[in-house]
Amino acid sequence: MRVIGLIGGLSWESTVIYYQVINRRVRERLGGSHSADSLIWSVDYTTVEELAFAGRWDEISALLCDAGRKLQDAGAGVLLVCSNTFSKVSDDVARATGVPVLHIADAVAAEVRSRGMRKVGLLGTRFTMEEPFYRDRLAAHGFEVIVPPREQRDLVHDVIFDELVRGVIREPSRDAYTRIIDDLAAAGAEGVILGCTEIELLVGEKDGAVPLLPSARLHAEAAAAFALAD
């Protein structure tokens, strides 16, 4: 079994999902009381959040590359940046370490393609929904990606940073997200990517008119499969 290195704390609320899913999948595959060989380097989220809002992505890259090198030195054989937004520097981490880095957008795209979807909606932070680093990587897999209009994007973004990363779950926010998901479905989306790892703390399969694709869970499942591959 390869050692899985998780660059977490982005935020720690969703890093918990990674740890749970990876260990459950390993136990399902190997049976008994098996669990994953894994390492977590958890950063202080306030630091990276402030850098992101200031547009200081070079500093974020340096911080996460350093985390990746520490995990590599500790024996990690595969790395994950446990975030959609901060996957913007995943390729930097791969170059800095030489260790395979599983990109979260690729894990999500594999699920979209396995379901035969041709058009999907995307929810996430403003960075993820509006900048090309994530949307273009998804689209390169051969399907169309749509996002909500500006007012709804602002709401989705604000709920993530004002509530979800702080562990706050509010029913009005769930209702608002559900309406946005329904609107994306009405616009032709065959599924909706929960493209921020914290969103799946708020909404689940029952909250959507179309299938919801939980990025953190899909990323974690891909890590378990990679770690156990022959």
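General remarks:
- Normalised contact order of the range 98-168, rounded percent, pairs of Cα under 8 Å and 6 or more residues apart: 34 percent
- Each of the peptides 81-89, 1-9 was scored by the mean count of other Cβ atoms within 10 Å over its residues; in descending order, highest first, they stand as 81-89, 1-9.
- Mean ellipticity per residue at 222 nm, deg cm²/dmol - from DSSP H runs of n ≥ 4 across the chain, formula -39500 (n - 2.57): -16000 deg cm²/dmol
- Net charge of the neighbourhood of residue 2, taken over other residues with C-beta under 12 Å away and scored Lys/Arg +1, Asp/Glu -1, is -2.
- Tail weight of P(r) past 34 Å, computed on alpha-carbon pairs of the chain, percent: 10 percent
- Using all pairs of distinct alpha-carbon atoms, the Kirkwood hydrodynamic radius of the range 52-102 works out to 10.9 angstrom.
- Angle in degrees between helix 104-114 and the longest Cα principal axis of the chain, rounded to the nearest 10: 60 degrees
- When the P(r) is computed for the range 1-127, the part past 17 Å accounts for 60% of the Cα-Cα pairs.
- Using alpha-carbon coordinates, inclination of helix 215-228 to the longest axis of the chain, degrees: 30 degrees
- Note on the range 91-139 and the range 152-190: Cα centroid distance 19 Å, given to the nearest whole angstrom.
- Probe 1.4 Å, accessible area per residue of the chain, Å²: 43 Å²
- Projecting the Cα atoms of 7, 224, 202 onto the charge dipole of the chain (Cβ charges, centred on the Cα centre) puts 224 farthest toward the positive pole.
- When the chain is treated as a Gaussian network with alpha carbon springs shorter than 10 Å, the biggest mean-square fluctuation among 203, 93, 168 belongs to 168.
- Magnitude of the charge dipole, the chain, Cβ model with Lys/Arg +1 and Asp/Glu -1, debye to 20: 660 debye
- The share of accessible area on the chain that comes from carbon and sulfur is 47 percent, using a 1.4 angstrom probe.
- Here the Gaussian network model covers the chain, with springs between Cα atoms less than 10 Å apart; of 195, 68, 142, 142 fluctuates the most.
- Scaling against 2.2 N^0.38 Å puts the C-alpha radius of gyration of the range 123-170 at 1.28.
- Here the range 140-230 is described by how far its Cα atoms reach on the three principal axes: 46, 32, 23 Å, from widest to narrowest.
The values are calculated or read from the model by the stated rules, or taken from the named source; none is laboratory data. No experiment lies behind these values; they were computed from the predicted model shown. As a convention, Cβ positions derive from the backbone with ideal geometry for all residues, glycine included, and neighbour counts pool all protein chains shown. Quick note on the areas: whole protein, heavy atoms, side chains included, nothing else; ligands and nucleic acids left out. Shrake-Rupley method; radii C 1.70, N 1.55, O 1.52, S 1.80 Å.
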